[in-house]
Amino acid sequence: MTKVILLDCLKDFTEDTVKDLLLPVEYQKGDKEPPAPRAAAVYRTHIPDGRASDKRAPYILHQILTGKDVQPPGQHPEAAAVVRSIFCVYHQDKQEGGLALLNLMEQMRISLLSQGWIGKQFQLDTQSGMECLVYPEEKDHFFAGEMITVWRMPPVTRIDVARVVHGMPPYDPKARHLEETFKLKGSDENGKEND
């Protein structure tokens, strides 16, 4: 339920989504033959050796931008994270490169919207919307764009410290969203022992 787990789940989901979409790879020094097309590599937070990020194309990079936790009294707590996903592809032809980038981004967009959940605990917030931006100019045959998504996360719930100190489960009987989860045997709804 942490943002790190969200990025791990998003990486796994992305790799599965784009594994069959093979894209061109730039010819590198030392290559004796043109490199074979491959699926986009997926990274979290940063690209290894960021100075040579273009040489890693095609790739998708997921980064957490912001997070927000809200726990108003008497209401369900909520948690959300905003994720920025950067897409980069390589192609010798400008038109084909632009189409390859758009195809990669569309495959991800459609898959996210059709699934709605990843890792059985993170829900795509469709009310906040999904934003996509394709950069208008390519840089030396590299084409880039980004996608912004908002994810609802399992919230952190408060525990009743006094209960833990006395060896009871960390259940907060005052938390409205937990009222129906369980009641301790021999306890009333306020957590007090019954005779």
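First compute the accessible area of segment 1-117 with a 1.4 Å probe, then give the percent of it belonging to carbon and sulfur atoms.
After summing per-atom areas, the C and S share lands at 53 percent.
Could you tell me the distance between the Cα centroids of segment 50-108 and segment 1-37, to the nearest Å?
A separation of 13 Å, based on Cα centres.
At 7 Å along Cα-to-Cβ for each site, give me the label-to-label distance between K68 and K29 in nm.
4.8
Would you kindly derive the ³J(HN,Hα) couplings of segment 86-100 from the backbone phi angles with the Karplus curve 6.51 cos²θ - 1.76 cosθ + 1.60 (θ = phi - 60°), listing them in order in whole Hz, with x for Gly and Pro?
Here the 3J(HN,Hα) series is 9, 10, 9, 10, 10, 7, 6, 9, 4, 5, 5, x, x, 5, 5 Hz.
Pairs K32/K94; K3/K29; K19/K55; K3/K55; K55/K120; K11/K55: which are spaced more than 31 Å apart, C-alpha to C-alpha?
K3/K29; K55/K120
Counting other Cβ atoms within 10 Å of each Cβ, which chymotrypsin sites (Phe, Trp or Tyr not before Pro) in segment 24-126 have at most 15 and sit in a DSSP loop?
Within segment 24-126, the qualifying chymotrypsin sites (Phe, Trp or Tyr not before Pro) (loop, at most 15 other Cβ atoms within 10 Å) are Y27.
Explain nothing, just the number: relative contact order of segment 34-110, from Cα pairs under 8 Å at least 6 residues apart, as a whole percent.
Once normalised by length, the contact order is 24 percent.
Which whole-number percent is the relative contact order of segment 3-148 (Cα, under 8 Å, 6+ apart)? If you can, show how the numbers build up before the last one.
Working: 236 pairs, mean separation 33.1, N = 146.
Relative CO of segment 3-148 lands at 23 percent.
Q95 to S111: extension gain in nm, 0.36 nm per residue of separation minus the Cα-Cα distance?
Length gained, Q95 through S111: 3.3 nm.
Compute the distance in nm between two label points, each set 7 Å from the Cα along the Cα-to-Cβ direction, one at K3 and one at T45.
Result for the modelled spin labels: 1.1 nm.
The values are calculated or read from the model by the stated rules, or taken from the named source; none is laboratory data. Computed from a prediction, not measured in an experiment: that's the story for all the values here. Neighbour counts run over all protein chains shown; Cβ positions are idealised from the backbone, glycine included. All accessible areas refer to the heavy atoms of the entire protein, side chains included, with ligands and DNA or RNA removed. Shrake-Rupley method; radii C 1.70, N 1.55, O 1.52, S 1.80 Å.
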